[in-house]
Amino acid sequence: MKFPKIGFDNLKNEGTDSVTVKERRKFLKLGLAVVGVYAGGKILSLTSVIGTAHAANGVGSIKKYPYNPHYSMVIRQSLCIDCELCVEACNTTNHVPEENYRTRILSKRYTDTLDKQVEFIPVLCNQCNNAPCVRACPTRATYKDPVTGIVRMESKKCIGCKTCMLACPYDARYFSVERRAVDKCDFCWETRLSKGEKETACSSACPTGARTFGNLTDPENIVYKLVHQIEEQVWVIRPEDDTKPNIFYMKGNMLSVDNILNEQKFKYFNPNKS
């Protein structure tokens, strides 16, 4: 059998548009790129291999926040114990199908350290200011709320093309058979915030205070204080995508958090105590 000759030199680079959701999920689990954010809004890229940091070109700086309230979440990674109470609370509150998720916890294992073998990394929709899912949606079913900045879904407009799912670099969307539309985390806007609640289901259920939800516009708010402190480095996932996410990460040991909050204490959960 003769096969046609393929001119490899003439083949075009398809980029990442053809990558499947399953492939994106595997890639996301392989490694989480990080960026540091320090007081005053200076954004730094962290090169974890050599342990140095340098100013990121073309990223810009955070000086003003475009929404009020500007809802954001800080995840203090060291406090996550993988109890998944946040996942259960989210699924129950937002009626997430059993086979899907709005939030989940990834794990990162270390082989060359004696004191720490595993690290837990909670992830969810990053409520991006420069949201690729919004740009990708052909019907404007997914949109950025002009007041709160929350990336939301209008199910009636969704045609189920799943383009937004592929565009999301955080693998944070799923297709709801019940709604016949794509669904995602909306910071519990429909089920809690719009009804007067101050916290998301996941942050409210977290026994260690690993998830902290609040208003990034208010200098007196806990989220603002955590993001702008200089005690610890703060980072975001996949900064190279320039999505300008509103989910921030920090190690968050108890001593530094107490210093940051000027003696405002959290009620910490100790799994060793009954």
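The values are calculated or read from the model by the stated rules, or taken from the named source; none is laboratory data. Just so it is clear, the structure is predicted and the values come from calculations on it, not from any experiment. A quick note on method: Cβ atoms are made from the backbone with ideal geometry, for glycine too, and the neighbour counts reach across all protein chains shown. These accessible areas exclude ligands, DNA and RNA; they are computed on the full protein's heavy atoms, side chains included. Shrake-Rupley method; radii C 1.70, N 1.55, O 1.52, S 1.80 Å.
Note on region 192-250: among residues that are of a type in the set (Gly, Ala, Ser) and in contact (Cβ under 8 Å) with a residue 24 or more places away in the chain, the one that is most open to solvent (accessible area, probe 1.4 Å) is 204.
Looking across 172, 167, 141, one residue alone is among the aliphatic types (A, V, I, L, M) and over 20 Å from the mean Cα position of the chain (by Cα). It is 141.
As a summary of the residue check, residue 160 satisfies the conditions (1) at positive phi; (2) assigned to a strand (DSSP E or B) except for the one numbered (2).
The set of residues in region 176-190 being over 17 Å from residue 149 (Cα atoms) and surrounded by fewer than 18 Cβ atoms within 10 Å (Cβ to Cβ) consists of 177, 178, 179, 180.
Taken across region 136-148, residues that are free of Cβ contacts under 8 Å to residues at least 40 places away in the same chain, buried (at least 18 other Cβ atoms within 10 Å of the Cβ) and in contact with a strand residue (DSSP E or B) (Cβ under 9 Å, 6 or more places away or on another chain) do occur, with at least one present.
Going by the structure shown, is residue 154 of a type in the set (Asp, Glu), over 19 Å from the mean Cα position of the chain (by Cα), modelled with pLDDT under 95 and not assigned by TED's automatic domain parsing to the domain that holds residue 101? Criteria not met by residue 154.
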